[in-house]
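Presented below is the structure to which this report refers.
Laboratory data are not the source of any read-out in this text; all were calculated from the coordinates shown. All figures in this text were calculated on a predicted structure; none of them were measured in a lab. Here Cβ is always computed from backbone atoms with ideal geometry, including for glycine, and neighbour counts include all displayed protein chains.
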């Protein structure tokens, strides 16, 4: 780890220099570390790690441009490396980029490429590979989900064999964090056969049946020290939460992701497993399409936002494993969280008032709900249905099947449920889901003033000023946006007590989807 | 009359009692429920107590009240679907049997074709296409189920219509309607009633299965199948919650089957229920 | 008799044709346009029109049906829309899995069910008959997913005897495969044994009630002898029917069991395909199920013709 550490220190200093002491505080305070993981243990090599992961489909592949669910993302991190890595304290760490240096206005960034890294096919990692991989996401014709994020790269150029430069359309102090997006993974130049992935990652794909199972073996020439402990990883796709929990309880897998909030307290009693609870930016959304039917009227949106009993939802649907939401996506653990924004409460009278403003006495709406959004989403919808009645809102729940939910319902139904995994920076979260040009603006909310301020804040090096603008942006979403965000939910995984090296992580389940790389099997 | 009552075996009595009880719950259940169907009255999965007889469900709602409320949905949907499927299947089956010829051929071909596709798959496609609402659910199941009813009704009517008295009636020049209502229906009644029981059970389990796939009765309405699904995790932790709705389902189907068995033993054989 | 069998085969083929038409028509019900589903957010009117033409969606329905049918008959099941892979590659391995599980369950359940059914029929009204009937009734009445869950609870979580996850993969050895699929197979066995046993009993009893069997009893023959010599040959055909019917259920009706045990079978795959509006997949899978049903029924009918003593020795 020492080699890594020193380069981290270097990059960290440089980063701070560029960002003028941005002072992103850690999320560590929000993390709860299970007792068993607190003590140091000696890593062991060997064994076959079996993972039961929910969130896979027969349409999955390794195309880094379209990764969109937990199984493909976890598998991609087994196969590929990123340019940077977010650590368990929400800090950016070097990965294939060894270090970096921004220009004074944070518009031009020079990155040093890690040397001595080879792909699974033996080819050495070069600057061309990185250019190719980044360019997969650039341009209007790109099919990448990260297209809008990559849209701010006006130029990506090779400086030398060991360095590349990224030029931005406007300054962005968070660029290294932005590069941690799980779409920015590195493949060899010209690579196209996404069913037979070649990366620099810790494991090599051995067999693959999309949506069913996959097997990986250790990349014996993996560059990252103190990782890739196990000989092989078997991923079994288990979308049904009951089947997943059963598999964990009967000891057939070593870890499962996305626990059922309802039964997690009961699961904790099982002595053979540990529940890993990580607080982060994961939040659950009720998405109103601002271009469709009644939701085009902000009065209706406000009426709905006041019609939900957030406290009850949090205690019932999440069993308290989360925090209240304030209709914007920034978690309380984020340094730019708008603490002054008053918490929106359940208020049927206000809700009625807004309905009246919209010229309505009553409202009949349909909500598309599915446990694909999060486990317990349908119950959450039923609770909302109960509290909304007091405001004269008659909600009917359309229970959608989990399979196909993200392609058929999300971003298509006028009122649907969804979730967002957290992003390492406020800018990323706000950009991906709320900027007008984002392909994943899932409420179709478009606000020019918001877009302009977002870009302004991005380049600012003055932290106080930046915080002010981000607070403003949060308020805009909260008071005008199409997302009702009643709560943030912790990431919950269960791991076998036989697993060593497990930590909490603010980004996603399964240690930022990199669990396979980090853990070892005890005896 | 007493002698006839004595002839009823104990198992049939049991079955009749269960069915009657369920019908009473079906009619009066919601009035008897101590709590609201969606009222959260305590912590999730609280065990049974004197206040909450069957404990609380996964959201902290009273299981007993939800069972009572759910009876209306679960039994209602199955009952409605069965009634509709019989009112489609029986007339068509009788007509096919009496007319014979091309009418019979066409109807039988259509029915055979529909029956070749697994019910669950046909139902899935229709429910996906039209969205799962209670009326859609009822009509989809009724329509798919009417093919089975048609087959039985046709066979039964064929058997009866060649019997001498029906033949005589036809020779007397009685109308088709008279023939059906006066001669065929009374004789066909026992096997049809038995079949009704079986179709009802099938539909009942089928709706429960659809709920399991998320396409059955939609929340917030309670239905027994959905309640089993929603609470199923609890059983792995030694909690009773899902046992109650599962027991309710099992009890009702056993009750109906006991009655059916009795009817069958005293009447003609019929095709078995298929799931 | 040959003529009868040929007639039955012809009827089966005709039924399959009708089934194909129904499936094609039925899947047209599913909302959503295939072309826009493929293009997603990148769709422009021009690219939509081009793709529609490419896929032949601009042709009238009957023409598309004929193309599809021709492809199906020649083994070309088309391309999956969601997966962009040939349907055949996705479908046949899963169909194989479904058949394997069905075979496992059937091999265990058919002999048990038929024997129990016969035994119950022979001892009609006796303690054995009543007892087994009640037990069977209980199993028929429980939702199968609940049965599966109980098995997981006892055999998997509590005593850790068998895996709850039917995790199978190609290249697995047979012993491992048996272990992995025992719980789902057992669930199916419990359901079908109960069902088949009851139906077998009914079939045998209805034969026994017929006049010539009564005569045999009246002649003073022992029950066992009457059943074996007189009732069984005549009940064979209905029993074959019952068995065929239950095997059809094992192939086409096990979606829920597949879901509970995370088994990679065709049923669950098809449910996914319906949710994704992947029409070629839905059509192909429905067709395979329909064909399985028709073939099993035809086989049962032909077996019935072959087994029927009166038809075997035509008057």
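Listed values, structure above:
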| read-out | value |
| --- | --- |
| Per-peptide average of other Cβ atoms within 10 Å, ordering A:94-100, B:106-112, C:192-198 highest first | C:192-198, A:94-100, B:106-112 |
| For the stretch A:203-322: relative contact order, % (alpha-carbon pairs under 8 angstrom, 6 or more apart) | 14 percent |
| Residue list for the stretch C:186-210, given a label point 7 angstrom along the Cα-to-Cβ vector of residue C:107 and an amide N cut-off under 20 Å | C:186-194 |
| Sequence ranges C:102-108, A:62-68, A:114-120, ranked by mean other-Cβ count within 10 angstrom, highest first | A:62-68, C:102-108, A:114-120 |
| Where labels lie 7 Å past Cα in the beta-carbon direction, separation of residue C:224 and residue B:103 in nm | 5.3 nm |
| Burial ranking of peptide ranges B:190-196, A:347-353 (average Cβ count within 10 Å, highest at the top) | B:190-196, A:347-353 |
| Ranked A:290, B:201, criterion: other C-beta atoms within 10 Å, fewest first | A:290, B:201 |
| Chain A - mean residue ellipticity at 222 nm from DSSP helices (-39,500 (n - 2.57) per run, n ≥ 4, rounded to 500) | -8000 deg cm²/dmol |
| Cα long-axis angle, helix A:463-480 against chain A (0 to 90 degrees, to the nearest 10) | 50 degrees |
| Of B:74, B:87, B:65, the one that fluctuates the most in a GNM where chain B has Cα springs shorter than 10 Å | B:87 |
| Mean separation of Cα contacts under 8 Å, 6 or more apart, over the residue count of chain A: relative contact order % | 22 percent |
| Cα-projected label distance for residue A:194 with residue C:92, points at 7 Å along beta-carbon direction, nm | 2.6 nm |
| Range of Cα positions in the protein assembly as shown per principal axis (Å), largest first | 109, 65, 61 |
| Relative contact order [Cα under 8 Å, 6+ residues apart], the stretch C:91-263, whole percent | 34 percent |
| Between the stretch A:463-502 and the stretch A:353-428, the alpha-carbon center distance in angstrom | 18 Å |
| For residues of A:238-248, the mean tally of beta carbons on other chains within 10 Å | 6 |
| Helix-only mean residue ellipticity at 222 nm for chain C, each DSSP H run of n ≥ 4 adding -39500 (n - 2.57), per residue, nearest 500 | -24000 deg cm²/dmol |
| Rg and Dmax of chain A, Cα atoms only, in Å | 22.5, 69 |
| 19 Å reach of a label modelled at residue A:140, 7 Å along Cα-to-Cβ, counting backbone N of the stretch A:438-452 | A:438-440 |
| Residue-averaged beta-carbon neighbours from other chains (10 angstrom radius) around C:260-272 | 5 |
| For the stretch A:256-328 versus the stretch C:1-16, the gap between their alpha-carbon centres in whole angstrom | 59 Å |
| Rounded D (µm²/s) - chain B, Kirkwood Rh over Cα pairs, Stokes-Einstein at 4 °C, 1.567 mPa s | 64 µm²/s |
| Mean-position separation - Cα centroids, the stretch B:37-71 and the stretch A:67-95, in angstrom | 43 Å |
| Per-residue mean of C-beta atoms belonging to partner chains within 10 Å, peptide B:33-46 | 2 |
| Residue of C:12, C:175, C:26 that the Gaussian network model of chain C assigns the largest fluctuation, springs spanning Cα pairs under 10 Å | C:175 |
| Computed helical MRE - 222 nm, chain B, DSSP H runs ≥ 4 contributing -39500 (n - 2.57), nearest 500 | -24000 deg cm²/dmol |
| Estimated FRET transfer efficiency when R0 is 35 angstrom, pair residue C:53-residue C:25 (beta carbons, to 0.05) | 0.95 |
| Estimated FRET transfer efficiency when R0 is 60 angstrom, pair residue B:27-residue A:158 (beta carbons, to 0.05) | 0.15 |
| Residues B:53, A:420, sorted so that the one with the fewest Cβ neighbours within 10 Å comes first | B:53, A:420 |
| Shape of chain C, Cα gyration tensor, a/c cut at 1.5 | oblate |
| Ranking of B:67, B:179 by count of other Cβ atoms within 10 Å, fewest first | B:179, B:67 |
